[in-house]
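To keep things clear, I will list the structure first and then write my remarks on it.
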Amino acid sequence: MVVDLPGLVAEHLQHSGDEAIRRFLEGGQTIRRGQGYSVRVPAPLSVHVAMIERSSTGLMQSPAGRKAHRIHSDRVTSVRTTN
């Protein structure tokens, strides 16, 4: 499955994620959107769920981090319910 990660989530996971998550992020495609960017990551659902769990504590420190985490969670949830 392919999900667009907000750039802030991708940057956080690039520094704090495990090796498997970093490999999937490297295979992603960067997409510019307005002021920010997203990374389109093709990965199994289990990897996206692991990304959400890994990024939750680190991103909750700022409003922008909370919003990026919520957007990623919502995108994974919407893909999960449609499949």
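The values are calculated or read from the model by the stated rules, or taken from the named source; none is laboratory data. Not measured: the values here are computed from a predicted model. So basically every Cβ, Gly included, is an ideal-geometry build from the backbone, and we count neighbours across all protein chains shown. Note: areas computed on protein heavy atoms with side chains; ligands, DNA, RNA excluded. Shrake-Rupley method; radii C 1.70, N 1.55, O 1.52, S 1.80 Å.
Couple of notes before you dig in:
- For the chain, calculated [θ]222 nm from helices alone, where every DSSP H run of n ≥ 4 adds -39500 (n - 2.57): -20500 deg cm²/dmol
- In terms of accessible area, using a 1.4 Å probe and ignoring ligands and nucleic acids, S56, S46, S16, S38 rank largest first as S46, S16, S56, S38.
- Taking a ≥ b ≥ c as the square roots of the eigenvalues of the Cα gyration tensor, an a/c ratio below 1.5 marks the chain as rounded.
- Applying 1/(1 + (r/R0)^6) with R0 = 30 Å to the Cβ-Cβ distance of R66 and D18 gives a FRET efficiency near 0.85.
- Distant alpha-carbon pairs in the range 28-71 (separation over 12 angstrom), percent: 68
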